[in-house]
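**Q** The structure is given below, and queries will be raised subsequently.
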Amino acid sequence: MNSIEEISGFIKDCAERQRTIGIKGSSSKAFWVSPVADEALDMTHYQGIIDYEPSELVMTVKAGTSLLEVMNTLDKEGQVLPFEPPVFNHAGTIGGMVASGLSGPRRAYAGSLRDYVLGVRLIDGLGQDLHFGGRVIKNVAGFDVSRLMAGALGSLGVISEVSLKVMPKPQYEKTISLTMSESQAIHTMNELASKPYPLSATSYAQGELRIRLSGAEVAVKSAHAEIGGELLEDAEPWWQSIRNQSASCFDSQKPLWRLSVKSTAKPLGLSGQCLIEWGGALRWINSEHTPSQIFKVAEEARGHAQLFRKGNPNKPLSSPLSAALIPIHQRLKNNFDPKGIFNPGLPGNF
């Protein structure tokens, strides 16, 4: 569908006939979420960069636009999406990027995807064309609905357009490596975060802590001198392999769990640990532990867990909502999708 009118009309028709809708982009995340619905709404035809002002650090894009196209356009102007969204299988759309809410290695130090969403254009479950936020960087008062769409997995409506804040590329970037235990790595990552170092990414796997420093050359070199460690000359492929999950540790026949926990949480004691990111706050586990075991460990670490790979994408599995959050989610769903037609079986549907 090539226009808002066509998309809106399709949704209105489905709502009247009580037909559920599966919102579809490039399907680059179908291994994780892939709803089964009566009708499919393909958003890849609604694409294009609507407005881009490099001097204003703002871009407005149609939801079906290729994520790679946006990244290449920004690259030509020396700018980036600072939250480093993953690009699975060299695919992905802007709408899928926002709906999934996923951020890459830089997230803990530059902010999450949600922090860079300035506004969205949304078509709700009744086919109404709604606008939230704007195209300028400014403080807002009240409930920021546009950022609510980040990570909602399309359960609240069809994202048609997005305005994003972008940033200049780092002037200088280096990665250093230190060998240590998991406990030492968690302590070191948190200790470094408490100091004025230009951190932009951290990861720990197989006994190696990698620390990426970004910013002015003098600041990066000064931080390296204080932290120590071996300088890795060609570290970019490593960070890209984490960002896009092409690293060998993500390739397993066992279920891959994504645990978001308190950064200072001690080693979780689960078998099959794959990788630690975000200064200790994101932990990937290749494990055959039962979901209840995983959820219990995540809760004890003051976080939550979701099954990311090797699960059932028709009904993604994640930590259950607390009793206090359930009515809030229900009210949001009822307001935006009163007939419950969007992406059945996904989190956010009741």
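**Q** Residue by residue through region 51-61, note down the ones that are in contact with a Lys or Arg (Cβ under 9 Å, 6 or more places away or on another chain) and within 21 Å of residue 150 (Cα to Cα).
**A** 51, 57, 58, 59, 60
**Q** Filter region 292-350 for residues that are in a loop (DSSP other than H, G, I, E, B) and touching a His at 6+ places or on another chain (Cβ under 8 Å) and give the result.
**A** 319, 321, 348, 350
**Q** Turning to a different aspect of this structure: Against the condition of a type outside the set (Lys, Arg) and modelled with pLDDT of 95 or more, how does residue 247 come out, does it pass?
**A** no
**Q** Of all strands (runs of 3 or more DSSP E) completely enclosed by region 1-61, which ones contain at least 1 residues that are among the hydrophobic types (A, V, I, L, M, F, W, C) and surrounded by fewer than 14 Cβ atoms within 10 Å (Cβ to Cβ)?
**A** 39-42
**Q** Additional query: Can you find, within region 76-124, the residue that is surrounded by the fewest Cβ atoms within 10 Å (Cβ to Cβ) among those that are among the acidic types (Asp, Glu) and in contact (Cβ under 8 Å) with a residue 60 or more places away in the chain?
**A** 124
**Q** Right, here's the next one. All but one of (1) surrounded by fewer than 21 Cβ atoms within 10 Å (Cβ to Cβ); (2) in contact (Cβ under 8 Å) with a residue 24 or more places away in the chain hold for residue 276; which doesn't?
**A** Only one criterion in (1) surrounded by fewer than 21 Cβ atoms within 10 Å (Cβ to Cβ); (2) in contact (Cβ under 8 Å) with a residue 24 or more places away in the chain is unmet by residue 276, namely (1).
**Q** Another question about this same structure. So which of 71, 97, 43 is within 23 Å of residue 201 (Cα to Cα) and touching a helix residue (DSSP H, G or I) at 6+ places or on another chain (Cβ under 6 Å)?
**A** The unique qualifying residue is 97.
**Q** Also, I was wondering about something else. From (1) more than 20 Å from residue 28 (Cα to Cα); (2) free of Cβ contacts under 8 Å to residues at least 40 places away in the same chain; (3) among the hydrophobic types (A, V, I, L, M, F, W, C), pick out the condition that doesn't hold for residue 59.
**A** (2)
**Q** Let me ask something else about it. Can you say whether residue 262 is among the basic types (Lys, Arg) and over 18 Å from the mean Cα position of the chain (by Cα), as far as the supplied structure shows?
**A** no
**Q** Something else about it: Output the residues belonging to region 299-330 that are of a type in the set (Gly, Ala, Ser), over 19 Å from the mean Cα position of the chain (by Cα) and surrounded by 17 or more Cβ atoms within 10 Å (Cβ to Cβ).
**A** The one that is of a type in the set (Gly, Ala, Ser), over 19 Å from the mean Cα position of the chain (by Cα) and surrounded by 17 or more Cβ atoms within 10 Å (Cβ to Cβ): 301.
For every residue, the table says whether it meets (1) touching a residue at least 40 places away in the same chain (Cβ under 8 Å); (2) basic (Lys, Arg); (3) assigned by TED's automatic domain parsing to the domain that holds residue 11; (4) in contact with a Lys or Arg (Cβ under 7 Å, 6 or more places away or on another chain).
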residue: 293; (1), (2), (3), (4): no, no, no, no
residue: 296; (1), (2), (3), (4): no, yes, no, no
residue: 301; (1), (2), (3), (4): yes, no, no, yes
residue: 323; (1), (2), (3), (4): no, no, no, no
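**Q** Oh, and also: Any idea which of 209, 232 is in contact with a helix residue (DSSP H, G or I) (Cβ under 9 Å, 6 or more places away or on another chain), of a type in the set (A, V, I, L, M, F, W, C) and buried (at least 18 other Cβ atoms within 10 Å of the Cβ)?
**A** Every option except 209 fails the conditions.
The values are calculated or read from the model by the stated rules, or taken from the named source; none is laboratory data. Since the structure is predicted, the reported quantities are computational estimates derived from the model, not experimental observations. Cβ: placed from backbone, ideal geometry, glycine included. Neighbour counts: every protein chain shown.
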